[in-house]
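One structure is given here, and the rest of the page talks about it.
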Amino acid sequence: QVQLAESGGGSVQAGGSLRLSCHVSGFTHSHYCMGWFRQSSEKEREAVAAVGMDGELAYGNSMEDRFTISRGSTKNILYLQMSDLRPDDTAMYYCASGRRGAYAWSEANAYSYWGKGTQVTVSS
């Protein structure tokens, strides 16, 4: 069974940094696309970043300057390094995995498995 578990969220002041981790079990995620999404009560689910099966990286709009996605050397961990955080970054952050199929990387339907999320709160 495929399981994803996020960690590393918390409350920070604007300008601070956090590193989110996604621990994967049940499959070797080098054979899957992996992505980070976020969602708040005010905004629809938004793609943050993703890494493809061949290591390709992709980022959501205006996120590459502050967010960095990477895979751990053991291939069972996915990271999202976030810096210069802003209040509008406040959201539940979700890790997802899948084989993408015919969907674009930023579409939720590209991913079959989801973690339960980790909350990030940024205060001004």
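Tabulated data for the structure shown
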| item | result |
| --- | --- |
| Per residue accessible area of region 39-81, 1.4 Å probe, in Å² | 60 |
| In region 1-90, GluC sites (Glu not before Pro) in a DSSP loop with at most 16 other beta-carbon atoms within 10 Å | GLU42, GLU44, GLU56, GLU64 |
| Where Rh is the Kirkwood radius over Cα pairs, Rg/Rh for region 34-88 | 0.98 |
| Where no second cysteine Cβ lies under 4.7 Å, the cysteines concerned in the chain | CYS33 |
| Spherically averaged projected area of region 26-124 from its Cα convex hull (nm²) | 6.5 |
| The chain, accessible surface, carbon-and-sulfur percent (1.4 angstrom probe) | 43 |
| Accessible area (Å², 1.4 Å probe, nearest 10) - ARG100 | 110 |
| Phi to ³J(HN,Hα) by Karplus 6.51 cos²θ - 1.76 cosθ + 1.60 over region 99-110, Hz, x for Gly, Pro | 9, 6, x, 8, 8, 5, 4, 8, 8, 4, 5, 6 |
| Leading residue at positive end of dipole, the chain (Cβ point charges), from GLY98, GLY35, LEU18 | GLY98 |
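The values are calculated or read from the model by the stated rules, or taken from the named source; none is laboratory data. Just so you know, these numbers come straight off a predicted model, no measurement behind them. Every residue, glycine as well, gets a Cβ built from its backbone with ideal geometry; the counts of neighbours run over all protein chains shown. We work out accessible area using only protein heavy atoms, side chains counted, and drop any ligands, DNA or RNA first. Shrake-Rupley method; radii C 1.70, N 1.55, O 1.52, S 1.80 Å.
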